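Quick notes on the structure that follows.
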Amino acid sequence: MSKKMTNKLTKNLSQFTILIALIILSIFFSFTTDGFLSTTNLFNIMRQVAVNGIAAVGMTMVIITGGIDISVGAIMGVGSVGCATLMVQGAHPVAAVLIILVLGLMTGIIHGFFIHDIDLPPMIVTLATMSILRGTTYIISGGLPVYGFPKNFNIIGQGYIGPIPVPVIIMTICFIIGWFILERTSFGRYVYGVGSNKEASRLSGVNVRKVMYGVYGLCGLLSAMAGLVLLSRVNSGQPKAGEGYEMDIITAVVLGGVSTTGGEGKIVNVIMGLLLMGILLNGMVIMNIPDYYQRLVKGFVLLLAISYDKISQKRANNKV
Amino acid sequence: MAEKLLQLKHITKKFAGVVALDDVSFDIAAGEVVTLVGENGAGKSTLIKVITGAHEPTSGELWVDGRKIENNRPALAKELGIGVIYQELNMMPQLTAAENIFYGRELKKGIIIQKKAMIEQSNKLIRELGANIDSSKQVSELSIAEQQIVEIAKAVSQEMKLLIMDEPTAPLTNAEIEKMFDIIGRLQKRGVAILYISHRLEEVFRLAGRIVVLRDGKHVITVPAADIDQSGLIKYMVGRELGQDYPKRETKIGETVLEVKEYCNAFIKGCSLTLNRGEILGLAGLVGAGRTELARAIFGADPIQKGELFLNGKQLTIGSPGDAIRNGIGLITEDRKNQGLLLNQSIFYNISYANLKSVSKYGVINRIKESKLTQTYVDAMNIKVHSISQQTKTLSGGNQQKVVLGKWLATNSKVLIFDEPTRGIDIGAKSEIYRLMRRLVEEGKSIIMISSEMPELIGMSDRILVMRGGIITGELSREEVNQEKILQLATR
């Protein structure tokens, strides 16, 4: 069997494993709980997956360049509370949405600036902004939930188009656009190229700054969008909105075969990672597993996911 | 007579098809200075690595103090008393000189490190070398010359019996060089043997020890400095027949296409050149002469502080590789793996990478066009592969270089700079690359070629510029060029 085929098989195998794990988990939860398989619950899973999924599109691009953005949960939070506050102050929902999206985009570009122009590690930069943004969320809301905005805003999070929840539609559109960008545009090529080898890309004439600003900007924008969907689902601007979500999103992306070293991974597979995380978390909640144990499990899954990623990479390299 | 400190007996080292060292033998006695000379690629670095245990010889023996050494490894070499000081010093800049000297062997009372004692002892060592440095200072605060002295002090404190020094005077001023020779004298008095590698022939003669000449991995001669002169030495370093057939020029050379005036930055000090249409301009010089740095400056990969560039008579500012490519200038880098290729991406991905514009509209890639483009260049470069979706890291060196060349051909650049285009490539692929270069200039493109391989440089170039220490020391025409002249200008 040629080297190329074995490599492809190895990658497909890992995706296959995720699928199997998905199925096993679903079966497990449907037997051990009441209500896992109910329509309401399944739709719940889909809506929560959709929130993470929208942000995951941006995160995928960032990780492909070899970077990371751990402020996505905080952006969701400040987007959520910010939009709610704007609407309560009398802003038109559409205007509020647009303002928040632009702010998300700008946050991402600021990330790009610190990471590329000042040449700082992405982890630390986004750790700092995570703190800044979460603090801002508490300041704006005074630590209290923000209520009282127009009912029609709820369509985003709670409405349906036909049988499909609106968040799922939004997520699907985001994934399609994300896929198109990564697979069919030169920008997408550069994203993979910069992740593979930043210096070789620079020496091939790639405008690395544009790529960095682009991926981090998109990540910020999409995280803000996710925050808006979350706001609409929960029907109030919660100061804690999005807290801890970054972990689920990053785990989902890594489970989807996107290597943390950059340069590889298909966005299509991230959907499976998201489903796996979604089912796992939902199942644990329905089983009434205490919050602390959930955190334990999530941590283990992340550790396993990135270890598996590195080990299969090393195996592939040794075969060459 | 005492046993020789180090003896190399018939050392041969082969790497996948390349013979880096071919039956090399020589010896060094305690307290002796032996200098090792040879061109780039003669095998000096490989020899050092064999002595220090970083490489295992394919055949041959290493004897230390009259005992044969089996399975040499860096740790073992150190125990035997063999130390190396490389050009890129091996210090930890954030630690003090004393901490560096005693790294791994700190003076302790129980578990407490005796900082004061270490500083005192370090100062003493340094004084014995005739220098005056405060060992409590952080290494990053010391000058390069002082850092070197600290490294030497470290080697002395580790009781090294053989000190290998690789181009030690390259970064030093004249005054510091004098100091270095003084230190070498003192080391000799202590019975330390010195293996000194340098391109600076005046120093080689100054040290007045025995000179070992390597050429193409072979040991040419060992001769006392007193018995030979500089030109005689150069003849030994260089003298070989030009073997390869280089394709002949068919068309004439045209007008000036590129003019560079007084380019300056941290590495190059006022370089100027002209390149004519259809010409292959060779750029010669030893490692560190600044050839790659000049190429990178012209290509916009490194910034310049001063200088002007004219392309087809028009003045341009090339501030980034993107600028260069847009104006039709390309650079095929020296290090194809780390700078030329995206190793974990496919062949076709790599080939279109520097010119995606030509196959996309409004940023969207036209896959059919791209497929045609990449297939064109895969065929043009004669890249023989299973599938162009293969990752480039699976390819041989020759095929990898062809992918890189394919990428640059796909940019339709009119000026191409080749930095060591045939390094690490087999004979067959080399010929293909020479023929390609010839075809390109016949089509009216112009090439600057950096090469450390004399035959290739002389065989392919229409003119040759020689560099040394960041400046261009001379120009040789095709008629007058020979290897001795190049080396003279390269070591002046």
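Only the coordinates and a few stated rules stand behind these numbers; no lab work does. From a predicted model like this one, the values you see are computed outputs, not experimental measurements. FYI the Cβ positions are ideal-geometry reconstructions off the backbone, even for glycines, and counts take in every protein chain you see.
Note that the range B:431-439 has calculated 3J(HN,Hα) couplings of 4, 4, 5, 4, 5, 4, 4, 4, 4 Hz, one per residue in order, obtained from phi through the Karplus relation 6.51 cos²θ - 1.76 cosθ + 1.60 (θ = phi - 60°); glycine and proline are x. Under 18 Å from a label point set 7 Å out along the Cα-to-Cβ vector of B:K14, the amide N atoms of the range B:202-220 belong to B:216-219. In the calculated pair-distance distribution of chain B, the portion above 46 angstrom amounts to 20 percent of the Cα-Cα pairs.
What FRET efficiency comes out for A:N152 versus B:K337 if R0 is 56 angstrom and r is the Cβ-Cβ distance? Round to the nearest 0.05.
Efficiency, rounded to the nearest 0.05: 0.45.
Residues B:H199, A:H116, B:H10 in ascending order of nearby Cβ atoms (within 10 Å, fewest first): B:H10, A:H116, B:H199. In this rough spin-label picture, where each label sits 7 Å from Cα along the Cβ direction, the B:E120-A:I99 distance is 7.1 nm.
Rounded to the nearest 0.05, what FRET efficiency is calculated for B:A226 and B:Y103 with R0 set to 35 Å and r the Cβ-Cβ distance? Don't skip to the answer; put the middle values down first.
Values: r = 40 Å, r/R0 = 1.14.
Approximately 0.30, to the nearest 0.05.
Here chain B carries DSSP beta bridges of which approximately 55% are antiparallel, counting only pairs with both residues inside.
With the contact rule set at Cα under 8 Å and sequence spacing of 6 or more, what percent relative contact order holds for the range A:3-318? Before the final figure, lay out the partial values.
On the way: 495 pairs, mean separation 105.9, N = 316.
About 34 percent, as a whole number.
Backbone geometry of the range A:122-139 corresponds, through the Karplus equation with coefficients 6.51, -1.76 and 1.60 at θ = phi - 60°, to 3J(HN,Hα) couplings of x, 4, 6, 4, 6, 5, 5, 5, 4, 5, 4, 5, 5, x, 4, 4, 5, 5 Hz, x marking Gly and Pro.
Normalised radius of gyration for the protein assembly as shown, please: alpha carbon Rg relative to 2.2 N^0.38 Å, two decimal places. Walk me through the numbers before you get to the answer.
On the way: Rg = 32.1 Å, N = 812, 2.2 N^0.38 = 28.1 Å.
Scaled against compact globular proteins, the figure is 1.15.
Calculated [222 nm] ellipticity per residue, helices only, for chain B: -9500 deg cm²/dmol; basis is -39500 (n - 2.57) per DSSP H run with n ≥ 4, divided by all residues, nearest 500. Considering the zone a paramagnetic label at A:A91 would reach in this model (a point 7 Å from Cα along the Cα-to-Cβ line), which residues of the range A:196-226 have amide N under 14 Å from it? Answer for this model: A:224-225. Taking every DSSP helix (H) stretch of at least 4 residues in chain A, weighting each as -39,500 (n - 2.57) and dividing the sum by the residue count yields a mean residue ellipticity at 222 nm of -25500 deg cm²/dmol. Considering only Cα atoms, the convex hull volume of the range B:22-75 works out to 100 Å³ per residue. When the alpha carbon coordinates of the range A:3-318 are projected onto the principal axes, the ranges are 59, 51, 37 Å, largest first.
For peptide A:194-202, what's the mean number of Cβ atoms from other chains within 10 Å of each residue's Cβ? Walk me through the intermediate numbers first.
Numbers: counts 1, 3, 9, 9, 0, 6, 14, 5, 6.
Averaged over the peptide's residues, the number is 6.
Rank-order B:222-228, A:154-160 by packing density, defined as the average count of other C-beta atoms within 10 Å over each peptide's residues, highest first.
Ranked by mean Cβ neighbours within 10 Å, highest first: A:154-160, B:222-228.
Beta-bridge orientation, the protein assembly as shown: approximately 60 percent antiparallel, per DSSP, counting only bridges with both partners inside.
Once both labels are positioned 7 Å from their Cα atoms along Cα-to-Cβ, the gap between A:R295 and A:I132 label points is 2.6 nm. Exposure proxy ranking for B:K4, B:K108, based on other Cβ atoms within 10 angstrom of each Cβ and starting from the fewest, stands as B:K108, B:K4.
Got the relative contact order for chain B handy, in percent, Cα pairs under 8 Å and 6 or more residues apart?
Details: 946 pairs, mean separation 73.8, N = 492.
Reported as a whole number, the value is 15 percent.
Shielding by partners for peptide B:333-344, expressed as the average number of C-beta atoms from other protein chains within 10 Å of each residue's C-beta, is 5. The distance linking the range A:79-146 with the range B:212-282 is 59 Å (Cα centroid to Cα centroid, whole angstrom).
Full extension from B:R439 to B:A175: what is 0.36 nm times the residue separation minus their Cα-Cα distance, to one decimal in nm? Walk me through the numbers before you get to the answer.
Working: separation 264, 0.36 × 264 = 95.04 nm, distance 5.04 nm.
Result for the pair: 90.0 nm of gain on full extension.
For the residue pairs A:K266/B:K372; B:K4/B:K68; B:K407/B:K445; B:K372/B:K393, alpha carbon separations beyond 19 Å are given by A:K266/B:K372; B:K372/B:K393. Can you tell me which lysines have their Cα less than 23 Å from the Cα of B:K108? Leave out same-chain residues fewer than eight positions away. Within the straight-line cut-off, B:K108 pairs with B:K78, B:K116, B:K124, B:K137, B:K154.
Shielding by partners for peptide B:364-373, expressed as the average number of C-beta atoms from other protein chains within 10 Å of each residue's C-beta, is 2.
Here B:K218 is the anchor, and the lysines within straight C-alpha reach of less than 20 Å, apart from those fewer than 8 places off in the same chain, are B:K9, B:K13, B:K14, B:K44, B:K49, B:K235.
Considering all alpha-carbon pairs of the range B:273-394, what whole percent are spaced by more than 25 angstrom? Spell out each step's value before the answer.
Working: 2853 of 7381 pairs.
When all Cα pairs of the range B:273-394 are counted, 39 percent exceed 25 Å.
Take the Cβ atoms of B:C264 and B:N132, set R0 to 41 Å, and the FRET efficiency comes out at 0.75. Computed log10 I(q)/I(0) for the range A:81-228 at 0.09, 0.18, 0.20 Å⁻¹: -0.37, -1.14, -1.26, from the Debye equation with unit scatterers placed on every C-alpha and solvent omitted.
3J(HN,Hα) couplings calculated from phi for the range A:147-159 with the Karplus curve 6.51 cos²θ - 1.76 cosθ + 1.60 (θ = phi - 60°) are, in sequence order, 10, x, 10, x, 5, 5, 5, 5, 3, 4, x, 10, x Hz; Gly and Pro show x.
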